[in-house]
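Structure record follows, encoded as structure tokens.
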Amino acid sequence: MLVCFFLPWAWIFAFAYDTHTLAEACYLNALQDMESWVFMASTGLFLFVLISEDMQSLLKTNTDLTTAYEQTVQGWVNVLDLRHQETKNHTLRVTEMTVELAKLAGFTDQDELDRIKRGAILHDIGKVGIPDAILTKPGMLNNEEFEYMKLHPEIA
């Protein structure tokens with residue numbers, strides 16, 4: 001009894017009456033091994049292509065979602081600016097200073113800086129819920145109006 005070991009999981013036991021039969025058995029085993037590797041390699045390549053396409057789609061969706069989010073945030077700020085012109089420059093100044101302070105404090109990751117920037121942009125968005133009579137009042141606010149104005153962080 002002769003044995004060919006080309007694949008550890010697929011032994012071919014050849015009961016050979018001559019060397020020709022044994023050679024054929026070993027050749028078939030090697031061919032099966034090569035076919036297995038070709039199958040595994042082509043399957044791996046196919047999966048790589050599918051995953052790459054999914055990753056590209058996911059990255060595009062994430063970019064689109066981030067853009068939509070930033071446009072929504074800017075829309076809220078624009079609504080506030082329409083109600084109170086002074087707020088626009090205030091929001092811009094606060095945003096620029098906040099990002100610079102974050103950098104000085106050691107923040108270097110762009111994703112963190114972007115979140116800090118969005119927070120700064122939105123810091124006064126609750127003023128949308130403040131009545132115009134208080135929000136646009138010229139001069140000083142009285143105590144009651146000031147207390148109401150202080151609610152804007154809780155409003156939004």
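Where a number appears in this text, it was derived from the coordinates with a stated rule and is not lab data. In this text, all values refer to a predicted model and were calculated from it rather than measured experimentally. No Cβ is skipped: glycine too gets one built from the backbone with ideal geometry, and neighbour counts run over all protein chains shown.
Things to note:
- Listed from fewest to most Cβ neighbours within 10 Å, the set Lys127, Lys103 follows the order Lys103, Lys127.
- About its Cα centre, the dipole of the range 35-156 is roughly 340 debye, where the only charges are +1 on Lys and Arg Cβ and -1 on Asp and Glu Cβ.
- The simple spin-label model puts a point 7 Å past each Cα toward its Cβ; for Asn142 and Asp33 those points are separated by 9.5 nm.
- Between the listed residues Val128, Thr66, His84, the Cα displaced farthest toward the positive end of the dipole of the range 52-156, a dipole computed from Cβ unit charges relative to the Cα centre, is found at His84.
- With the simple model of a label 7 Å out from the Cα in the direction of the Cβ, Asp109 to Thr66 spans 1.4 nm.
- Under 24 Å from the Cα of Lys103 - lysines, other chains or at least 8 residues apart: Lys88, Lys117
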